[in-house]
């Protein structure tokens, strides 16, 4: 195996491979450099987002698949819902009916406000706990608790039932109409219709019952009032009857007959007074004529006696020689005196009779008038009683008619709202069509997956590309080291020797060409330190791989191991080392001033030597020994390249003591694993120990190790990883 390794290090093969690699790298970097120059900051950000999504397409795809499966599962778990709606309508008479149209138009705003208030009131009443609980009881959905159940248990059960019912109950005014829709949503269409109808019907039945109870209560109050009015009517009629019995002795005599008697008596009195005045006048005329010497004819006219006039006519004829048959004149005179005496006596007697009758009639008339006045007062009082009784009777009859109307309303008591239409069993689902969920679900979960991918990328604080490594650490990144398979890790020697076009071989040559050419001809630049932030960064394999690359060019190389290191390539190299008994530890060599070669072991027949600084416990003593500077001076003169495989910065403090003793530091960063903050802190600690600023910032360079080049290519960093992928 040693011969195979040494044969692979032929001069012609090495030179041709290096020249071909340099030409390929130059061409690749020229192409990628021109591409980077064309990018702007905005396009770079968009390109990074696009690359992130392409790189994490599996995460996006898994999210979309999971979301689609969740949507499908939700559609299976949650069946389509159906909404059944019962309709209630407010009657016109609730706001005035047709009479409202006869009012002034200014009342219309008030009517609209009253209608809106009535609709809101009904909606609130429909949604009330009492109405919903009654509806649940009518459907048998609310368990009837036994007598021994506590109020707390009953209240908890009712609240739970209401919480289940309310989210699915939809009560609303349909547009701007007087129609109220009572809808219920459920996966069972028949159940949705039953619940909607139950809520509406129970509410109407409750309103009817309340209306009927109010009407019956009003009827009871009305009957009580009617009974009181009936008592008042009966009492008024009794008062009229009693008054009539007390103030009317003769049923035939009444106010009209008394007035008639008064009129008759007044007429009689007037006639008597007239006759009395006529007789009195006759007597006065007779006495006047007698005093003035009137004739018998005058006496006859004054007394109105025809006999006296006849006797006067006979006497006149007698004086003129009248008929001999006539009585004699003395006889005539005696007859005339007798007639005068009889006539005056008769007139005086009539006058006395007239006076007596006048007094009697005047007495009767006075009594009749007194009786008429009393009768008039009684009549007025009686008329008042009769009017009161009549008015009470009319009120009673009106109340009877009102009672009949109220009784009719009680029999047909209807609220101001009625059922317009029952809820029919819905045929079409009101929920969103399940098939339409797939496009938005795909889009939503696609966006969600993209957001998750970008978030994961944002939360990833590890390093992946050369540029971001250089920016994060503040030192140049000179290359990447691909990840090896398990088989390749066991045969790195053969890989580097027999497979020069393998990605790992190309990467090692790229790192070696970028860092080592100046060491061979410059005594002051021969020692390179390889370290990392934490163990497991593949720095030991890197150190031995660089040593093998230098050995292929027939350089004399010394690998200095500081502390105990573990790697597959180191193990293979140790198997090739000779184990003479004359090898001494470096501490013993420095203490006893032995030759340095007594501490160095060759690796097979190659030009690679191996020097161990000792175990971890002895490392600090070796490095701080004053003779250690002489050791470094000897190996600097004896070898073309010295590679110090130092421990990790955070694992061993001694690594920082070697920084100012070497010419170059290669800082290994594990791709996709080492946090950038940790790596940056380690670089800061290395810089803090570097007191020689003459070499500039390029003294410390970084290298990405264990790179998955296939995954790395998806980042599209346009660096060496893309080149290795294209030519692998």
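List of remarks:
- Neighbour-count ranking [beta-carbon atoms within 10 angstrom, fewest first] of 504, 396: 396, 504
- Anisotropy class of the range 178-241 from Cα gyration tensor, a/c 1.5 cut: prolate
- FRET efficiency, 1/(1 + (r/R0)^6) with R0 35 Å, evaluated for residue 168 and residue 437 via beta carbons: 0.95
- Computing FRET efficiency as 1/(1 + (r/R0)^6) for residue 461 and residue 501, where r is the C-beta to C-beta distance and R0 is 30 Å, gives about 0.30.
- By the beta-carbon count within 10 Å of each Cβ, the least crowded to most crowded order of 456, 659, 557, fewest first, is 456, 659, 557.
- Sorting the segments 633-643, 595-605, 536-546 by their residues' average number of neighbouring beta-carbon atoms within 10 angstrom, most packed first, yields 536-546, 633-643, 595-605.
- Amide N of the range 604-645 lying under 18 Å from the label point, which is placed 7 angstrom from the Cα of residue 556 along Cα→Cβ: 604-612, 630-644
- Note on residue 711 and residue 328: the model spin-label points, each 7 Å out from Cα along the C-beta direction, lie 20.2 nm apart.
- Gyration tensor verdict on the range 359-475 (Cα atoms; rounded if a/c is under 1.5, prolate if a/b is larger than b/c, oblate otherwise): prolate
- Label-zone membership for the range 346-377, site residue 268, 7 angstrom Cα→C-beta point, backbone N under 20 Å: 350-373
- Computed extension length for residue 428-residue 597: 51.3 nm, one decimal, from 0.36 nm per residue of separation with the Cα-Cα distance subtracted.
- Among 399-408, 464-473, sorting by the average number of other beta carbon atoms lying within 10 angstrom of each residue, highest first, gives 464-473, 399-408.
- Fully extended contour minus Cα-Cα distance, from residue 454 to residue 487, at 0.36 nm per residue: 8.4 nm
- Two-site label geometry, residue 113 and residue 44: point separation in nm, points 7 Å out along Cα→Cβ: 6.9 nm
- For the range 157-286, the square roots a ≥ b ≥ c of the C-alpha gyration tensor eigenvalues yield an a/c of 1.5 or more together with a/b exceeding b/c, which makes the shape prolate.
- FRET efficiency, residue 685 to residue 588 (Cβ-Cβ, R0 22 Å, nearest 0.05): 0.10
- Sorted by Cβ density within 10 Å, fewest first, the residues 422, 50: 50, 422
- In nm, spacing of pseudo-spin labels at residue 297 and residue 447 (7 Å Cα→C-beta vector): 15.3 nm
Readers should treat all values here as calculations from the given coordinates under stated rules, not as data from a laboratory. Predicted model only: the values in this text are computed from it and were never measured. All Cβ positions, even for glycine, are placed from backbone atoms using ideal geometry, and neighbour counts span all protein chains on display.
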